[in-house]
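The values are calculated or read from the model by the stated rules, or taken from the named source; none is laboratory data. Source: prediction; values computed, not measured. Cβ: placed from backbone, ideal geometry, glycine included. Neighbour counts: every protein chain shown.
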Amino acid sequence: MKRLLIINTLYSPNIGGGAEIICQEQAEALAVRGYHVSVLTTGAANRKVVSDTVNGLTVYRVGIRNIYWHFEKRNGRLVHLIWHLQDIYNSAMMAGVEWVLNKEKPDVVICHNISGLSISIWKVIKRRNIPIIEVLHDQYFRCPNSNAFKHGKPCEGQCVLCRLMRLPHRYMSNQVDVVIGVSRFVLDSLICLGYFARSCKKVIHNARNITEPQQYLIWNGNEPLRLGYIGTLSEVKGVEWLIRTFMKMNINATLTIAGRGDTQDYESYLHNLAYGDSRINFVGYVKQAEHYANIHLSVIPSRWPDTFPTVAFESCAYHVPVIATNCGGLPEIIQSGINGVIVDASDIDSLSKAIMYIYDNPAILASMALRARNTVEEMMDFEGWIDKYEEIIESI
């Protein structure tokens, strides 16, 4: 029986985004396949490693050795800068990781997001000649903020500061045996900058086991068109653009916004922005199935190169078409006229035009809803997804 250690910045019940859900489902599925699986993640600031059990798997939580634990949101540019400087190569995290490696003795380590742990963990792992599989979920290795977004637009390359703060990452990426991009976009964006030059390279789209809904909403053109957004409320996600666009539109429609702000200040800012428009409803955190069961159309207005947003294929899996931008990995999921509409993130009017196109053509929306799930069949093949990872695990 091969022993696997799966590493991610956060792990249940500490969920920060889609990567945590994907990581957990992968860990539990590999355990079902017969592997001995344990998990390593970060925990609240302290010097100890604590362990607990989540759905039968041992989870080791290494206390963060930085000025704060990034699951607990902090405000202030200086505070964030200090945190990111420490995170370039946080050798203080190595001892905790080493303790877990000594205890679990894994044959293979699968790293997902490593923010907070830093690339120092690669060195600890390779000292034991343990193969590393690195799964790319975001832009962490090229940008300290993990989003490659600055001054209201996506970065075409690396700014001087990012290049300097990520020189060690490019050099040490050669420690990785296999690098997997959850989208072609995220893998190519790093390869073209010289990362993972010696690593075996693969693209494996994420997948989830989402049960087909027994029923879903079909808009008849008479009742209000129900638009919905679910995810982090942040500038890079384009939520402000969506709110401002919607408020200017004189249409019979509602907008449901589900999720929490990346900071409390920004979430409050969005609430104040939408104040007075009774058509807009902030609902906080809700389960995906509940959200999609109550909307006709999803909007993913990302202004940054989102790598492979889970919400895009989840929405289609629930038969809810998507208006999405042409950023990052979104065009690998959404096909204009088939399961949604792709808009130009650099054109501020493109979002309102897409909404009006759907609003004026309820029959087209109904047709897209009917076939939306079939268009993401690959991302619904959960066992096939695990097969691809198992093949790589066995090969190394």
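Based on this model, can you work out whether ILE180 counts as within 25 Å of ILE257 (Cβ to Cβ), buried (at least 19 other Cβ atoms within 10 Å of the Cβ) and either in contact (Cβ under 8 Å) with a residue 12 or more places away in the chain or over 17 Å from the mean Cα position of the chain (by Cα) (or both)?
Answer is no for this residue.
Answer yes or no: is there a residue in region 142-160 that is crowded, with 18+ Cβ neighbours inside 10 Å, modelled with pLDDT of 90 or more, under 30 Å from TRP241 (Cα atoms) and in contact with a His (Cβ under 9 Å, 6 or more places away or on another chain).
Scanning region 142-160, I find at least one residue that is crowded, with 18+ Cβ neighbours inside 10 Å, modelled with pLDDT of 90 or more, under 30 Å from TRP241 (Cα atoms) and in contact with a His (Cβ under 9 Å, 6 or more places away or on another chain), so the answer is yes.
Could you identify the single residue in VAL100, VAL108 that is aliphatic (A, V, I, L, M) and in contact with a Pro (Cβ under 6 Å, 6 or more places away or on another chain)?
VAL108
If we only count strands (runs of 3 or more DSSP E) wholly inside region 282-360, which ones have 2 or more residues that are within 23 Å of ASN209 (Cα to Cα)?
It comes to 297-300, 322-325.
For the condition in the same structural domain as ALA345 (by TED's automatic domain parsing) and in contact with an Asp or Glu (Cβ under 8 Å, 6 or more places away or on another chain), what is the one hit in THR254, THR307?
The match here is THR307.
Only one residue in SER302, SER346, SER278, SER352 is of a type outside the set (Asp, Glu) and buried (at least 24 other Cβ atoms within 10 Å of the Cβ). Which one?
Only one candidate qualifies: SER302.
Residues being in a strand (DSSP E or B), among the small types (Gly, Ala, Ser) and surrounded by fewer than 16 Cβ atoms within 10 Å (Cβ to Cβ): count how many of those fall in region 37-79.
1
Would you pick out the residues in region 91-114 that are over 23 Å from the mean Cα position of the chain (by Cα) and not in a helix (DSSP H, G or I)?
Those that are over 23 Å from the mean Cα position of the chain (by Cα) and not in a helix (DSSP H, G or I): LYS105, PRO106, ASP107, VAL108.
Across region 321-339, which residue is surrounded by the most Cβ atoms within 10 Å (Cβ to Cβ) among those that are under 20 Å from the mean Cα position of the chain (by Cα) and among the small types (Gly, Ala, Ser)?
Checking each candidate, the answer is ALA324.
For region 19-41, which residues satisfy the criterion of being more than 14 Å from TRP385 (Cα to Cα) and at pLDDT below 95?
Scanning region 19-41 gives ALA19, GLU20, ILE21.
So which of ILE125, ILE22, ILE121, ILE82 is in a helix (DSSP H, G or I) and surrounded by fewer than 17 Cβ atoms within 10 Å (Cβ to Cβ)?
Result: ILE82 is the single residue among ILE125, ILE22, ILE121, ILE82 that is in a helix (DSSP H, G or I) and surrounded by fewer than 17 Cβ atoms within 10 Å (Cβ to Cβ).
Take LYS353 and decide whether it is within 19 Å of ILE180 (Cβ to Cβ) and more than 18 Å from the chain's Cα centre (by Cα).
It is false that LYS353 is within 19 Å of ILE180 (Cβ to Cβ) and more than 18 Å from the chain's Cα centre (by Cα).
If you check MET249 against the conditions, is it surrounded by fewer than 21 Cβ atoms within 10 Å (Cβ to Cβ) and in the same structural domain as GLY329 (by TED's automatic domain parsing)?
Yes.
What number goes with the only condition from (1) more than 23 Å from GLU235 (Cα to Cα); (2) in a helix (DSSP H, G or I); (3) of a type in the set (A, V, I, L, M) that VAL186 does not pass?
(1)
Collect the residues in region 361-385 that are hydrophobic (A, V, I, L, M, F, W, C), in a helix (DSSP H, G or I) and buried (at least 19 other Cβ atoms within 10 Å of the Cβ), keeping them in residue-number order.
The answer is LEU365, MET368, ALA369, ALA372, MET379, MET380, TRP385.
What residue, of LYS105, LYS126, LYS153, is under 29 Å from VAL59 (Cα atoms) and touching a residue at least 60 places away in the same chain (Cβ under 8 Å)?
Selected residue: LYS105, the only one of LYS105, LYS126, LYS153 that is under 29 Å from VAL59 (Cα atoms) and touching a residue at least 60 places away in the same chain (Cβ under 8 Å).
If you go through region 58-102 one residue at a time, how many are of a type in the set (Asp, Glu) and in contact (Cβ under 8 Å) with a residue 40 or more places away in the chain?
1
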